[in-house]
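**Q** I am attaching a structure below and will ask some questions about it afterwards.
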Amino acid sequence: MPELPEVETVKRTLNQLVAGKTIRQVSVHLPRIIRRPDDPVLFAEMLRGQTIQDVQRRGKFLRIILNDLVLVSHLRMEGRYGVYPSGEPVEKHTHVIFHFSDGTELRYKDVRQFGTMDLFETDQEWTLPPLCKLGLEPLDESFTYEAFRARIGKRETKIKPLLLNQEYIVGIGNIYVDEALFRAGIHPERTSDSLKPAELRNLHNAIVETLKEAVDAGGSSVKSYVNGQGEMGMFQQRLNVYGRESQPCPRCGLPIAKTVVGGRGTHYCRKCQPLKSKKVRV
């Protein structure tokens, strides 16, 4: 958390709030947030005088496009951005502040301190970590059924950990994997190569539909997520299985079950998502 819908919402909000602003200076209060360059003083110096042209997203990463640099930011568990007047008191756990020439500030707050920032020359970010090995983008036109099937269709891995692997498909975290698998009627412990073509197509459609609906709702504020304006997402009100252990399934009424798959807490319906073990060639 946050996952693709939340990062997409932050991206859209930041474009409204900071696009066109020029960075006067940068204050770094927790140096380990800055991974590239490994000198926070150099990081701040490189950003001085740069203007934010656009904010984009790749998977769960934000790409802040500047004059001739790109800042790649990962929010991890608790990271959040907010825009404030320069005179407003700085909240605890605020680790990086971008001071703009118009007297406002973009502040990065991270209670868990897991977030990262990497600064690249334009286009260099695609050739180096963390973006160089990312998989299919599920809300892009290139995410066709054929591309999806080619990427995961014949693998012997359990379907849930496979969907969580960012080298195959990006941006789908624990919440939306559980929700997409429920929509497709697929047990999270089914192996990918056991899925029939019709099941794979249903799963592809379920992934796209789930993520689009979540983006439209501003994401899910299951824990502490808010967008750049401090607003909560609302998709958590539409969750069918995630976080609903022992509550009735919205389809059949049986209690939602919870287990652990690939080290992650996993919610599903035993009746609507039966476990089938026979493998079928796809």
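The values are calculated or read from the model by the stated rules, or taken from the named source; none is laboratory data. These numbers come from a predicted model, not from an experiment. Note that we place each Cβ from the backbone using ideal geometry, even for glycine, and neighbour counts take in every protein chain shown.
**Q** Kindly indicate the residue of the range 119-129 that is outside any helix (DSSP H, G or I) and not polar (S, T, N, Q) and also surrounded by the most Cβ atoms within 10 Å (Cβ to Cβ) among those meeting that condition.
**A** Leu119
**Q** Looking at the range 90-100, is at least one residue more than 29 Å from Lys212 (Cβ to Cβ), of a type outside the set (D, E, K, R), touching a His at 6+ places or on another chain (Cβ under 8 Å) and at pLDDT below 95?
**A** No, the conditions are met nowhere in the range 90-100.
**Q** Answer yes if at least one residue in the range 162-172 is surrounded by fewer than 17 Cβ atoms within 10 Å (Cβ to Cβ) and out of contact with any Leu (no Cβ under 9 Å at 6 or more places or on another chain), and no otherwise.
**A** yes
**Q** Which residues, taken from the range 108-132, are modelled with pLDDT of 95 or more and over 21 Å from Pro37 (Cβ atoms)?
**A** Scanning the range 108-132 gives a single hit, Lys109.
The rows are residues; the columns are (1) modelled with pLDDT of 95 or more; (2) of a type outside the set (Gly, Ala, Ser); (3) within 27 Å of the chain's Cα centre (by Cα).
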position: Gln237; (1), (2), (3): no, yes, yes
position: Tyr242; (1), (2), (3): no, yes, yes
position: Pro248; (1), (2), (3): yes, yes, no
position: Thr259; (1), (2), (3): yes, yes, yes
position: Gly262; (1), (2), (3): no, no, yes
position: Tyr268; (1), (2), (3): yes, yes, yes
position: Lys271; (1), (2), (3): yes, yes, no
position: Val282; (1), (2), (3): no, yes, no
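**Q** Which one of Gly87, Gly49, Gly79 is farther than 25 Å from Val170 by Cβ and at pLDDT below 95?
**A** Numbers: Gly49 fails: at pLDDT below 95; Gly79 fails: farther than 25 Å from Val170 by Cβ.
Answer to the selection: Gly87.
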